Amino acid sequence: MGNEDKWKANLRKVAFLKSFPGWLSSWEQGIGASLEQVLPIPGHAPHTVLLLSEGRFVVTPPVHDEPQMVTAGLLAARPHLESIHAGAFTEYDHLTRLDQELGRMARLENILNAIDNNLDRIPELKSRIQDLVKQWERENHHSQ
């Protein structure tokens, strides 16, 4: 009977915890609340407790700092933030275009290096490339 009683007591505790006054089970429940304090959770760093106004609180995971997640969040929030941080968005757009162009150039360099490095090992490579260029020229001529 001891294990079953323990299990039932734990279920009651968890059910109460999930209905604890002020606990936010979704971010939408925090709309309009002010952040008052950030508390570390001993033994569970980097998780924290955000204490909000009106006695509301939420337990948070670590802040996402992976560039992919920050980018996705920034783009989702752009309509709300761009008027406040216009210069930063202009710089971000510039850096994004630069990154894309340099990535394109790096891919081109990798392809050309791969061709150059394999010409001796794959004798038919040069003729296959020449055939491919001729095919592109024919396709280009037909599309004009």
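The values are calculated or read from the model by the stated rules, or taken from the named source; none is laboratory data. For clarity, every value in this text was computed on a predicted model and none was experimentally measured. Here the Cβ is made from the backbone with ideal geometry for all residues, glycine too, and neighbour counts use every protein chain on show. To get the accessible areas, we keep the full protein, side chains included, count just its heavy atoms, and leave off ligands, DNA and RNA. Shrake-Rupley method; radii C 1.70, N 1.55, O 1.52, S 1.80 Å.
Split the accessible area of the chain by element, probe 1.4 Å, and carbon with sulfur accounts for 60%. Near the amide H of T48, within less than 5 Å, lie the amide hydrogens of T60, all on another chain or at least 5 residues away, with H placed in the peptide plane. Between A88, V63, I129, the Cα set farthest toward the positive side of the dipole of the chain (charges on each charged residue's Cβ, about the Cα centre) is that of V63. Across the chain, the mean sequence separation of Cα contacts (distance under 8 Å, 6 or more residues apart), normalised by length, yields a relative contact order of 11 percent.
Can you figure out the FRET efficiency of E66 with N10, using R₀ = 25 Å and their beta-carbon distance, to the nearest 0.05?
Using R0 = 25 Å, I get an efficiency of 0.10.
Residue order by solvent-accessible surface for F20, F57, F89 is F20, F57, F89, largest first, with ligands and nucleic acids left out and a 1.4 Å probe.
Computed over protein heavy atoms with a 1.4 Å probe, the accessible surface of the chain works out to 85 Å² per residue. When the surface is traced with a 1.4 Å probe over the full set of protein chains, T90 keeps roughly 90 Å² accessible.
Suppose we flag GluC sites (Glu not before Pro) only when DSSP calls them loop and at most 14 other Cβ atoms lie within 10 Å. Which is the longest uninterrupted stretch of the chain?
Values: sites that count: E82, E124.
Segment 1-81 is the longest.
At the residue level, D65 shows approximately 120 square angstrom of accessible surface with a 1.4 angstrom probe and all protein chains present.
Per-residue Karplus couplings for the range 63-77, computed as 6.51 cos²θ - 1.76 cosθ + 1.60 with θ equal to phi - 60°, are listed in order as 5, 6, 10, 5, x, 5, 6, 5, 4, 4, x, 4, 5, 5, 8 Hz, Gly and Pro entered as x.
Calculated [222 nm] ellipticity per residue, helices only, for the chain: -20000 deg cm²/dmol; basis is -39500 (n - 2.57) per DSSP H run with n ≥ 4, divided by all residues, nearest 500.
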